[in-house]
């Protein structure tokens, strides 16, 4: 079974926790880490420097579309970051944990 990490950022701790709880409660993710980050990017020809929360969502690859839909439905951004990172190496035990948890 193929596993991946889906990454998104949120404007607040509250929003990050809300999305994480939805994904975990729907068994779409095994584990979600939430970290404080600073993001620099151009938006509408303006340099933005924002404090955000980064979510690293460990899941089965087949759940990408469902997770993408949940993020879009519950996110405050017009264009949220939603990217998938393929897990190429991991311990067998951790892969089993992901597989059994979602």
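The values are calculated or read from the model by the stated rules, or taken from the named source; none is laboratory data. This is a predicted model, so every value here is computed, not measured. Neighbour counts run over all protein chains shown; Cβ positions are idealised from the backbone, glycine included.
What residue, among those in the range 81-99 that are touching a residue at least 24 places away in the same chain (Cβ under 8 Å) and part of a helix (DSSP H, G or I), is surrounded by the fewest Cβ atoms within 10 Å (Cβ to Cβ)? Before the answer, list the steps.
Keep residues of the range 81-99 that are touching a residue at least 24 places away in the same chain (Cβ under 8 Å), which gives 81-87, 90, 95, 97-99.
Narrowing further to those that are part of a helix (DSSP H, G or I): 95, 97-99.
Numbers: 95: 17, 97: 16, 98: 20, 99: 12.
Residue satisfying both the conditions and the ranking: 99.
Listed residues 62, 14, 18; which is under 24 Å from residue 93 (Cα atoms), modelled with pLDDT of 95 or more, over 11 Å from the mean Cα position of the chain (by Cα) and part of a helix (DSSP H, G or I)? Lay out the reasoning, then the answer.
Working: 14 fails: under 24 Å from residue 93 (Cα atoms); 18 fails: under 24 Å from residue 93 (Cα atoms).
Step by step, each of 62, 14, 18 is checked, and only 62 is under 24 Å from residue 93 (Cα atoms), modelled with pLDDT of 95 or more, over 11 Å from the mean Cα position of the chain (by Cα) and part of a helix (DSSP H, G or I).
Go through the range 16-52 and report how many residues are under 13 Å from residue 71 (Cβ atoms) and touching a strand residue (DSSP E or B) at 6+ places or on another chain (Cβ under 7 Å).
7
Would it be correct to say that residue 76 is surrounded by 14 or more Cβ atoms within 10 Å (Cβ to Cβ) and touching a residue at least 60 places away in the same chain (Cβ under 8 Å)? Lay out the reasoning, then the answer.
On the way: surrounded by 14 or more Cβ atoms within 10 Å (Cβ to Cβ): no; touching a residue at least 60 places away in the same chain (Cβ under 8 Å): yes.
No, not satisfied.
I'd like the full set of residues that are over 18 Å from residue 84 (Cβ atoms) and in contact (Cβ under 8 Å) with a residue 12 or more places away in the chain, limited to the range 1-15. I'd like the intermediate steps shown before the answer.
Let us first name the residues in the range 1-15 that are over 18 Å from residue 84 (Cβ atoms), namely 11-15.
Listed by number, the residues that qualify are 11, 12, 13, 15.
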